[in-house]
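Q: Once you've had a glance at the structure underneath, I'll fire off some questions.
The values are calculated or read from the model by the stated rules, or taken from the named source; none is laboratory data. Not measured: the values here are computed from a predicted model. No Cβ is skipped: glycine too gets one built from the backbone with ideal geometry, and neighbour counts run over all protein chains shown. The accessibility values were calculated without ligands, DNA or RNA, using every heavy atom of the protein model including side chains. Shrake-Rupley method; radii C 1.70, N 1.55, O 1.52, S 1.80 Å.
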Protein chains: 2
Amino acid sequence: MKILITSGGTSEKIDRVRSITNHSTGQLGKLIAETFLDRGHQVTLVTSPKALKPEPDARLKILTVENVADLLETLEPLVKEHDVLIHAMAVSDYSPSYMTGFSQLAQASKLEEFLTMKNQESKISSEEDFQVLFLKKTPKIISLVKTWNPKIRLVGFKLLVDVSKEELIQVARESLLKNQAEIIVANDLTTIDDQQHLAYLVDEKEENLAKTKQEIAQLLLERLSHSE
Amino acid sequence: MKILITSGGTSEKIDRVRSITNHSTGQLGKLIAETFLDRGHQVTLVTSPKALKPEPDARLKILTVENVADLLETLEPLVKEHDVLIHAMAVSDYSPSYMTGFSQLAQASKLEEFLTMKNQESKISSEEDFQVLFLKKTPKIISLVKTWNPKIRLVGFKLLVDVSKEELIQVARESLLKNQAEIIVANDLTTIDDQQHLAYLVDEKEENLAKTKQEIAQLLLERLSHSE
């Protein structure tokens with residue numbers, strides 16, 4: 001199979017020296033890539049510059065992206081020519097649109113006007129005690145995947161923080177339906193550390209628990225191979 | 001001499017998955033550390049986890065910090081026991097204090113109330129098209145150095161973006177006086193790339209131009225050794 005994997009995290013620039021980063025080491029994506037390569041599959045890995053990456057391999061192609069706009073542009077043609085997308089990247093929900101001192105906000109007659117403003121300076125100045133940063137929602141890439149290629153098999157990820165198992169599974173199942181995914185890997189930041197990585201592989205009927213990154217990669221390989 | 005060097009960039013958390021990062025590879029701090037080590041000095045390097053670091057050395061101690069609060073706590077005792085501080089780290093000017101949807105802002109009667117709010121959630125939700133992030137100024141560490149140790153020799157850095165030489169020098173000289181520094185290294189992001197790193201080493205009387213990271217490190221070594 002031709003497997004497309006995303007990993008790492010995107011970064012959205014505030015100005016030329018600062019950006020908002022979604023943290024992800026890329027370790028899980030690397031492991032998933034290695035697991036599919038070992039089984040003879042062809043892998044394209046789209047990841048961020050600082051994420052962990054597999055060793056070079058004849059069947060592996062690596063592309064790096066910085067931000068959501070890059071990711072969108074890179075992913076669309078690739079989705080069209082792969083059989084499976086495992087979308088493990090931590091993608092920024094919001095991108096900075098305008099930053100200003102609090103006094104400008106306090107003096108404004110209509111707050112809506114800030115939603116269309118853009119900064120002219122390449123480094124935003126830092127005089128006031130408080131600044132306000134406006135952020136705009138980025139396109140939800142996972143929801144576009146099936147419009148690009150209705151036949152691609154889609155595995156999505158859902159990362160929540162400190163929720164119950166029930167909530168985790170429920171949110172995963174909503175995402176499954178909304179994005180027409182085959183599996184959503186649902187995990188909680190509070191049960192991920194150096195030793196373990198709890199995750200539920202959720203589909204319409206069941207949820208399989210994996211306890212480590214290796215198990216997640218292995219279960220994905222099995223599930224995607226069985227129903228080929 | 002006992003040389004304290006800061007390098008890399010700080011990151012301020014928005015929530016448990018996102019943060020605002022000041023970009024810096026740490027390459028210049030690494031080079032400065034190596035240059036002083038080669039001349040037999042003792043070096044303490046305070047840097048960020050992902051910054052480039054020198055190879056281990058018996059006379060080198062490396063400490064890592066994430067954010068401005070860490071940096072403040074780590075630096076104060078170190079400043080008291082070193083002869084020189086070369087403060088090359090890209091330190092966040094602002095730290096996130098509260099993030100909310102635009103609708104909450106639009107409905108508020110007094111905008112000032114947002115300045116003291118804190119988020120309760122560990123991952124801020126992402127329903128609205130626009131979010132607003134409030135940021136609070138961080139303590140200016142360079143201005144505290146001489147209060148911790150009036151005898152320490154201080155080298156500060158000033159990074160601007162796309163300004164004239166005159167403005168760069170003027171801003172550097174203001175910083176020199178305000179922070180009681182011995183030298184301010186003034187540089188402009190638009191004249192830094194893989195090949196070159198233009199920087200003016202500014203003191204009360206003169207400004208020396210360095211054209212590469214190696215020259216900056218070498219000039220710092222010379223200037224700090226001569227007037228010992």
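Q: Just the number, please: carbon plus sulfur as a percent of the accessible area of the range B:50-207, 1.4 Å probe, no ligands or DNA/RNA counted. Could you put the intermediate results ahead of the total?
A: On the way: 3870 of 8190 Å².
Carbon-and-sulfur percentage of accessible area, whole number: 47.
Q: Right, something else. Compute accessible area for the range B:23-38 by itself and then with all protein chains, 1.4 Å probe, and report residues whose area falls by 50 Å² or more.
A: B:His23
Q: Taking the label point as lying 7 angstrom from Cα along the Cα-to-Cβ axis, what are the distances from A:His23 to the corresponding position in the remaining copies, in ascending order and in nanometres?
A: Label point to label point, same position, other copies: 2.1 nm.
Q: What accessible area, summed over both chains, is buried at the A-B interface (1.4 Å probe, Å², nearest 100)? Walk me through the numbers before you get to the answer.
A: Numbers: alone 12790 and 12820 Å², together 21750 Å².
The summed interface area works out to 3900 Å².
Q: Follow-up question, since we're still on this one. Once the Cα gyration tensor of the range A:83-160 is diagonalised, what are the square roots of 5 times its eigenvalues, in whole Å and ordered largest first, as equivalent ellipsoid semi-axes?
A: Working: eigenvalues 281, 35, 23 Å².
Over the Cα atoms of the range A:83-160, the ellipsoid semi-axes are 37, 13, 11 Å.
Q: Quick one: length gained pulling A:Ser225 to A:Arg59 fully straight, 0.36 nm per residue minus the C-alpha distance? Don't skip to the answer; put the middle values down first.
A: Details: separation 166, 0.36 × 166 = 59.76 nm, distance 1.78 nm.
Between A:Ser225 and A:Arg59, full extension yields 58.0 nm more.
Q: Same structure again: Give the calculated FRET efficiency between A:Asp129 and B:Glu73 to the nearest 0.05, with a Förster radius of 25 Å applied to their Cβ-Cβ distance. Walk me through the numbers before you get to the answer.
A: Numbers: r = 22 Å, r/R0 = 0.87.
Efficiency, rounded to the nearest 0.05: 0.70.
Q: Still on this structure: Could you name every residue in the range A:81-121 that has 40 Å² or more less accessible surface in the full protein assembly than in its own chain alone (probe 1.4 Å, ligands and nucleic acids excluded)?
A: Those are A:Asp93, A:Tyr94, A:Phe102, A:Leu111, A:Leu115, which lose 40 Å² or more relative to the chain on its own.
Q: Starting from a label point 7 Å past Cα on the Cβ side, list the distances from B:Gln107 to the same position in the other copies, nm, shortest first.
A: Nearest to farthest, the other copies are at 2.9 nm.
Q: Jot down the per residue volume, in cubic angstrom and as a whole number, of the convex hull over the alpha-carbon atoms of the range B:176-228. Don't skip to the answer; put the middle values down first.
A: Numbers: hull volume 4.0 nm³, N = 53.
So the per-residue hull volume is 76 Å³.
Q: Further, regarding this structure: At what distance in nm do the modelled label points of A:Gln196 and A:Lys178 sit from each other, each positioned 7 Å from its Cα along Cα→Cβ?
A: With each label placed 7 Å out from Cα toward Cβ, I get 2.8 nm.
Q: Distance cut-off 20 Å, Cα to Cα: go down the list A:Lys211/B:Lys50; A:Lys110/B:Lys137; B:Lys80/B:Lys151; B:Lys158/B:Lys213; A:Lys53/A:Lys165 and report the pairs above it. Write out the running numbers ahead of the final one.
A: Numbers: A:Lys211/B:Lys50 28 Å; A:Lys110/B:Lys137 25 Å; B:Lys80/B:Lys151 9 Å; B:Lys158/B:Lys213 15 Å; A:Lys53/A:Lys165 31 Å.
Where the Cα-Cα span goes over 20 Å, the pairs concerned are A:Lys211/B:Lys50; A:Lys110/B:Lys137; A:Lys53/A:Lys165.
Q: Shortest first and in nm with one decimal, please list how far the B:Asp57 label point sits from its counterparts in the other copies (point 7 Å along Cα→Cβ).
A: Inter-copy label distances (nm, one decimal, shortest first): 3.9.
Q: Output the Kirkwood hydrodynamic radius of the range A:137-205, Cα pairs only, in Å rounded to one decimal.
A: Computed over the range A:137-205, the radius equals 12.7 Å.
Q: Between A:Lys165 and B:Glu66, how high is the FRET efficiency from 1/(1 + (r/R0)^6) when r is the Cβ-Cβ distance and R₀ = 35 Å? Nearest 0.05. Kindly include the intermediate steps, with their values, before the conclusion.
A: Values: r = 31 Å, r/R0 = 0.87.
The computed FRET efficiency comes out at 0.70.
Q: Compute the helix-to-body angle for B:213-226: its Cα long axis versus the longest principal axis of chain B, expressed 0 to 90° and rounded to tens.
A: 60 degrees
Q: Comparing the chain by itself with all protein chains present, which residues of the range B:136-178 are at least 20 Å² less accessible (probe 1.4 Å)?
A: When all protein chains are present, B:Lys136, B:Lys137, B:Leu159, B:Val161 each give up 20 Å² or more of accessible surface.
Q: Here's another thing I want to ask about it. Could you tell me the extents of the range B:1-129's C-alpha atoms along the three principal axes, largest first, rounded to whole Å?
A: Taking the Cα atoms of the range B:1-129, the three principal extents are 62, 26, 19 Å.
Q: Quick check: the angle from helix A:68-80's long axis to the longest principal axis of chain A, C-alpha only, nearest 10 degrees?
A: 30 degrees
Q: Which one, B:Val155, B:Val163, B:Val46, has the greatest fluctuation when you compute a Gaussian network model over chain B with C-alpha springs under 10 angstrom?
A: Ranking B:Val155, B:Val163, B:Val46 by mean-square fluctuation puts B:Val163 first.
Q: OK, next. So, in Å, what gap is there between the alpha-carbon centers of the range A:185-228 and the range B:89-150?
A: 36 Å
Q: Hey, got the Cα dimensions of the protein assembly as shown along the principal axes, in Å, largest first?
A: 74, 57, 36
Q: Hey, quick one: spin label on B:Lys205, modelled 7 Å out along Cα-Cβ, who in the range B:149-182 has an amide N within reach, i.e. under 20 Å?
A: Backbone N within reach: B:153-156, B:169-170, B:172-178, B:180-182.
Q: Something else: Would you mind getting the accessible area per residue of the range B:1-119, heavy atoms of the protein chains only, 1.4 Å probe, in Å²? Mind dumping the intermediate values first?
A: On the way: 5130 Å² over 119 residues.
Each residue of the range B:1-119 exposes 43 Å² on average to a 1.4 Å probe.
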